[in-house]
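We did not get these values from a lab; they are worked out from the coordinates using the rules stated. Not measured: the values here are computed from a predicted model. Note that each Cβ is placed from the backbone with ideal geometry, even for glycine, and that neighbours are counted across all protein chains shown.
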Amino acid sequence: MYDVYQTLVTVNISQEYQTGVITYLPMLAQNWTISPNYTTYTFNLRQDVHFSDGNPLKAYDIWMMMYICYYLSDNTSAWVDSYDLFNMSNVNFGNSTMSMINQTGGLINPSPQAIALMSNQSWPIYVTGPYTIVFHLRAPFDWFLGLMIDCVANVYDAQYVMDHGGPGTPTQFNTAFDLYPIIPGTGPYVVTGALENSYVKFAQDPNYWGNSLTASELAAQPLFDPGHAKTVIVYYKPDDLTRYTDLASGAAQISAIDPDDWDLVTTNPGYAYFHGSSYSGQVMFMSLNTQMYPTNITDVRQAIVHAINYSAINQEAWLGALKPYVGPEYPAWNQFYDLPGLAPYQYNLTLANQYLTKSGVNVSNLPTLTLDIITSCGVCSAQAEIVQSDLAQIGINVQINVMTEGAYFGLYFAGPYSVEAKNPTALGQLSFITGGVTWGPTGLTPADYFEAFVSCDSLVGNQALYCNPTVQTAVNAFTSSSNLTYIQSTVRQAEAQIYNDAPYAWIGVNTFWEGIGGSLVWKTGVITGFLTDPVWGTGQDDLPFFNTITFG
């Protein structure tokens, strides 16, 4: 992420984390302008930045990586994290385009032919000079900057990609980058080694462009810091006690500890741990496959969401870390959160049985439902067992299917909604989002969870395979109108529709724990501070920014 691949803009993390106020700060873009109707965003890049391989950063790199992303999404219109933002009807981009540019000077010194193509204003993203790039949206989207801080905008050396076989195709990515993620970035660290299911090793870039920044410049933008550790190794260790032992022995300076071993942390005053922001967007919920029997029956789904003891999941699996909510929006976006004023689903076995009776199904003839979770995750297993026990009380049998992370994500994140919906029985009837850990926002926009979980155009996240015209109207409203009243009216109808259709059992907003490994823990005498992900403080990544870690 930011330690290797920086973005055009970022946010004032401390302010956002403490107050929920979003203020954007320059990163690789030194400034930008926004048209009055919020359809044209022009970014002026810093002219003193180079990648770790020495190549200069230019607008041509941004242009190329954006269209590579579009191409690898199989030219879907919603290629920016499921957001349908651009009119791509005039775009004709693929390997032949990359080959032409590469054979006529590349991105460092592009030919007039290449510059003419990249300057073509009939395409929605175009350059107006070597250090200026323009994004022209098909309709107003007030929160576009919130997408420029996320993974779609992490800048890498696109020339390096073209020099090493290109990105591949939508059906077959270039596997050369799978275990050798050495694509140069502009950040203070470079990847120097990786071993699958073991570790990723990083080293400071001695030629980092930010090494000459002054103390005042770094204070204004702490994410530019060159870092205070020459080498950083991030280990993947699925066993929680092993992670704690590494921390206790000094083999690791920061570790992620699960609820299973949390008493080892709280009883030792020498440890500090990471508290989630009150504006956290990390949520936990369970999807109900709306296109597979019997969860394709609305009343069966309603029976399930009312048979779950959410309080027990919170207290026994998450140690009180979850706050009840009504999805898909999360409470930080209060202008769009639960506009109908609905109460979170309640544990009510009488009501659950009434819904089962109304559904007309014979409970004794129901198949055993499958609940898919990921392995090596204590909280995942704990909450799955609670759901299994709860549903047994209304006569629904559940089999917990434990999968490796690779198998799980390969199944549930195999493609967009349009692909997954063609084979709905490949998925289980029930599944915790991301296998049983929390989901964090992709971008800082109120449309994020609508685009992911309930959109017919979702690229990833719609595990319930849910598509409804009333809901899709709200999804589309976010990216087609700047009329707040109109957007809110469509969202209000959509939230009521989703609540009644029950494609998901909304379990809670995560106010404390982080990711698969739990919360970050460190020794107070070793680590004195660090910054984390800019997406509401606990979004895309649980790791601290290596370059902001300070030592005692």
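Using alpha carbons only, how many angstrom separate the centre of segment 133-186 from the centre of segment 371-413?
With segment 133-186 and segment 371-413 each reduced to a Cα centre, they are spaced 33 Å.
Could you work out the Kirkwood radius for segment 345-400, taking every pair of different alpha carbons, averaging 1/r and inverting it, reported in Å? Intermediate values should be presented prior to the final figure.
Working: mean 1/r = 0.0805 Å⁻¹.
Its Kirkwood hydrodynamic radius stands at 12.4 Å.
Calculate the FRET efficiency for Lys422 and Asn95 from the Cβ-Cβ distance with a Förster distance of 30 Å, rounded to the nearest 0.05. Can you show the working numbers first?
Working: r = 26 Å, r/R0 = 0.88.
Plugging the Cβ-Cβ distance into 1/(1 + (r/R0)^6) gives 0.70.
Return the Rg/Rh value of the chain, two decimal places, where both radii are evaluated on C-alpha atoms and Rh is the Kirkwood radius. Before the final figure, lay out the partial values.
Values: Rg = 23.7 Å, Rh = 24.6 Å.
Looking at the chain, the ratio lands at 0.96.
Label points 7 Å out from Cα along the Cβ direction at Ala392 and Gln172: separation in nm?
For the pair Ala392/Gln172, the computed spacing is 4.8 nm.
Apply the a/c threshold of 1.5 to the C-alpha gyration tensor of segment 283-510 and tell me whether it is rounded, prolate or oblate. Kindly include the intermediate steps, with their values, before the conclusion.
Details: a/c = 1.43, a/b = 1.35, b/c = 1.05.
Rounded shape, in that the Cα axes give a/c under 1.5.
Could you tally the net charge around Val387, taking each other residue with its Cβ under 13 Å from the Cβ of Val387, Lys/Arg +1 and Asp/Glu -1? Each step should come with its number before you reach the end.
Working: positive: none; negative: Glu316, Asp372, Glu385, Asp390.
In short, -4.
Checking the table Lys358/Lys422; Lys58/Lys201; Lys58/Lys230; Lys323/Lys422 against a 32 Å threshold on Cα-Cα, which pairs fail? Display every interim value, and only then the final one.
Details: Lys358/Lys422 29 Å; Lys58/Lys201 27 Å; Lys58/Lys230 28 Å; Lys323/Lys422 35 Å.
Cα-Cα > 32 Å for Lys323/Lys422; rest within.
Among bridges DSSP assigns within segment 283-510, what percent are antiparallel (round to 5)? Please report the intermediate quantities before stating the final value.
Working: 11 of 19 bridges.
Bridges in segment 283-510 that DSSP calls antiparallel: roughly 60 percent.
Going by average Cβ density within 10 Å per residue, which order do the peptides 166-177, 479-490, 366-377 take, highest to lowest?
366-377, 479-490, 166-177
Determine, for each peptide in 153-159, 444-450, the mean count of other beta carbons within 10 angstrom over its residues, then list the peptides with the highest first.
Details: 153-159: 23.3, 444-450: 25.0.
Ranking the peptides 153-159, 444-450 by packing returns 444-450, 153-159.
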